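Peer 1: Let me give you the structure first, and then I'll get to my questions.
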Amino acid sequence: MRRMQIEVLELPLARPFAISRGTRTAVTVIRVTLEQNGFIGRGECTPTPRYDETPDSVEAQLEAMREDVEAGLSRIDLQSRLSAGSARNALDCALWRLDAALAKQTLWQQCERTAPPSVITAETLSLDSIENMAAAAADAVSRGAILLKIKLNRDEILEKVAAIREAAPRATLIIDANEAWSGVDLHSLLTALQAYNIAMVEQPLPAGQDQDLQRFNHPIPVCADESCHTREDIAELRNRYEMINIKLDKCGGLTEALAMVEEAQKRDMRLMVGCMLGSSLAMEAALPVAMAAEHVDLDGPIWLAADSSPFLSYAQGRIWL
């Protein structure tokens with residue numbers, strides 16, 4: 001007999017988190033707990049309005065699956081029963097952990113991967129004024145940050161990047177525009193950004209309106225985030241992007257994320273692993289995918305006022321396992 005519990009939780013942030021689409025002071029997550037024969041598996045997702053999700057809609061999707069899940073639904077069958085998205089992610093990750101517990105294995109062993117001592121993760125610089133973003137960069141590198149992810153809109157792009165580079169001269173810098181650069185001369189902007197040794201620019205144009213990216217050779221690698229959800233998206237993105245960002249809440253869980261890694265490698269697409277805001281429970285599930293990634297952005301817990309089990313350790317720009 002298997003039992004499923006669904007919890008909807010609002011997690012306050014330690015400080016406001018701003019991107020081009022708006023600012024948040026809290027994040028709502030949904031946690032699924034599966035119990036079978038005394039063993040437990042848990043998963044967490046973050047419903048995302050950008051993808052037409054609300055906590056209520058995701059909770060309803062999960063409730064609709066309750067009878068099948070409690071009757072023993074497998075991870076494989078789940079893939080065809082729920083569409084990609086955060087509801088499937090929470091359930092998929094709970095099933096992975098339950099299967100691992102039943103087999104007396106860790107999640108890493110269940111994935112047939114070896115956990116490293118640590119993983120370098122980006123620390124995100126929230127969208128703010130030039131002065132505040134430079135100060136945040138200086139603070140991050142003073143604490144050992146190695147990789148900084150810069151949230152930008154269309155305002156003062158080069159000025160903000162210049163100030164951040166001055167504050168963090170040795171850090172690796174990546175930029176996330178969150179679809180905000182419509183109408184910008186991208187070739188000229190990417191060329192100008194080369195002066196600041198930018199490693200990658202993420203999703204400069206809106207998903208579905210990114211055809212302009214195939215018009216020119218990119219001076220800096222460009223990564224698909226909102227444009228790439230599952231492995232079916234990868235083939236058509238090759239002429240617009242050099243890299244894809246895999247997020248478990250977008251693709252629907254660890255099962256699809258691992259399949260995306262294989263598909264991307266087959267098509268010579270470079271990899272990033274990212275996250276929505278969330279706790280260590282959500283980040284830990286993405287770590288086996290991170291082993292194949294060039295850039296990892298799993299810093300969600302450091303934005304929370306209080307984290308949750310398994311309480312990953314963040315220090316010196318790394319997640320310590």
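The values are calculated or read from the model by the stated rules, or taken from the named source; none is laboratory data. Remember, predicted model here, so these are calculated numbers, not experimental data. Note that each Cβ is placed from the backbone with ideal geometry, even for glycine, and that neighbours are counted across all protein chains shown. The accessibility values were calculated without ligands, DNA or RNA, using every heavy atom of the protein model including side chains. Shrake-Rupley method; radii C 1.70, N 1.55, O 1.52, S 1.80 Å.
Peer 1: Take the conditions open to solvent by 30 Å² or more (accessible area, probe 1.4 Å) and without any contact (Cβ under 8 Å) to a residue 40 or more places away in the chain and apply them to residue 57. Does it pass? Reasoning before the result, please.
Peer 2: Values: open to solvent by 30 Å² or more (accessible area, probe 1.4 Å): yes; without any contact (Cβ under 8 Å) to a residue 40 or more places away in the chain: yes.
So residue 57 fits the description; yes.
Rundown of residues vs (1) modelled with pLDDT of 95 or more; (2) within 30 Å of residue 178 (Cβ to Cβ); (3) surrounded by 13 or more Cβ atoms within 10 Å (Cβ to Cβ), yes/no style:
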| residue | (1), (2), (3) |
| --- | --- |
| 45 | yes, yes, yes |
| 62 | yes, yes, yes |
| 79 | yes, yes, yes |
| 90 | yes, yes, yes |
| 103 | yes, no, no |
| 106 | yes, no, yes |
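Peer 1: Would you mind telling me which numbered condition in (1) open to solvent by 10 Å² or more (accessible area, probe 1.4 Å); (2) assigned to a helix (DSSP H, G or I); (3) of a type outside the set (D, E, K, R); (4) touching a Leu at 6+ places or on another chain (Cβ under 7 Å) residue 285 fails?
Peer 2: (1)
Peer 1: Name the pairs whose Cβ atoms lie under 7 Å apart, with the first residue in segment 21-34 and without any contact (Cβ under 8 Å) to a residue 24 or more places away in the chain and farther than 24 Å from residue 66 by Cβ, the second acidic (Asp, Glu) and open to solvent by 10 Å² or more (accessible area, probe 1.4 Å), and 6 or more positions between them or separate chains?
Peer 2: Partner pairs satisfying both residue conditions: 26/10.
Peer 1: Also, I was wondering about something else. Of the residues 43, 38, 85, which single one is under 20 Å from the mean Cα position of the chain (by Cα) and at positive phi? Don't jump to the end; show me each part of the working.
Peer 2: On the way: 43 fails: at positive phi; 38 fails: under 20 Å from the mean Cα position of the chain (by Cα).
Selected residue: 85, the only one of 43, 38, 85 that is under 20 Å from the mean Cα position of the chain (by Cα) and at positive phi.
Peer 1: For segment 148-170, which positions are without any contact (Cβ under 8 Å) to a residue 40 or more places away in the chain, part of a loop (DSSP other than H, G, I, E, B) and open to solvent by less than 10 Å² (accessible area, probe 1.4 Å)?
Peer 2: Listed by number, the list holds a single entry, 168.
Peer 1: Then there is this: Please count how many residues of segment 288-321 are open to solvent by 30 Å² or more (accessible area, probe 1.4 Å) and among the β-branched types (Val, Ile, Thr).
Peer 2: 1
Peer 1: Being in contact with a Lys or Arg (Cβ under 6 Å, 6 or more places away or on another chain) and either touching a residue at least 24 places away in the same chain (Cβ under 8 Å) or more than 20 Å from residue 275 (Cβ to Cβ) (or both) narrows it down to one residue among 194, 214; which is it?
Peer 2: On the way: 194 fails: in contact with a Lys or Arg (Cβ under 6 Å, 6 or more places away or on another chain).
Unique residue meeting the criteria: 214.
Peer 1: Could you run through segment 206-246 and say how many residues are on the phi > 0 side of the Ramachandran plot and either buried (at least 19 other Cβ atoms within 10 Å of the Cβ) or of a type in the set (Val, Ile, Thr) (or both)? Walk me through how you get there before you give the answer.
Peer 2: Step one: of segment 206-246, the residues on the phi > 0 side of the Ramachandran plot are 208.
Narrowing the set further to residues that are either buried (at least 19 other Cβ atoms within 10 Å of the Cβ) or of a type in the set (Val, Ile, Thr) (or both) leaves none.
Within segment 206-246, residues that are on the phi > 0 side of the Ramachandran plot and either buried (at least 19 other Cβ atoms within 10 Å of the Cβ) or of a type in the set (Val, Ile, Thr) (or both) number 0.
Peer 1: Among the listed residues 94, 145, identify the single one that is touching a Leu at 6+ places or on another chain (Cβ under 7 Å), touching a residue at least 60 places away in the same chain (Cβ under 8 Å), under 27 Å from residue 313 (Cβ atoms) and buried (at least 21 other Cβ atoms within 10 Å of the Cβ). If you could, list the steps in order and put the result at the bottom.
Peer 2: Values: 145 fails: touching a Leu at 6+ places or on another chain (Cβ under 7 Å).
Going through 94, 145 in turn, just one is touching a Leu at 6+ places or on another chain (Cβ under 7 Å), touching a residue at least 60 places away in the same chain (Cβ under 8 Å), under 27 Å from residue 313 (Cβ atoms) and buried (at least 21 other Cβ atoms within 10 Å of the Cβ): 94.
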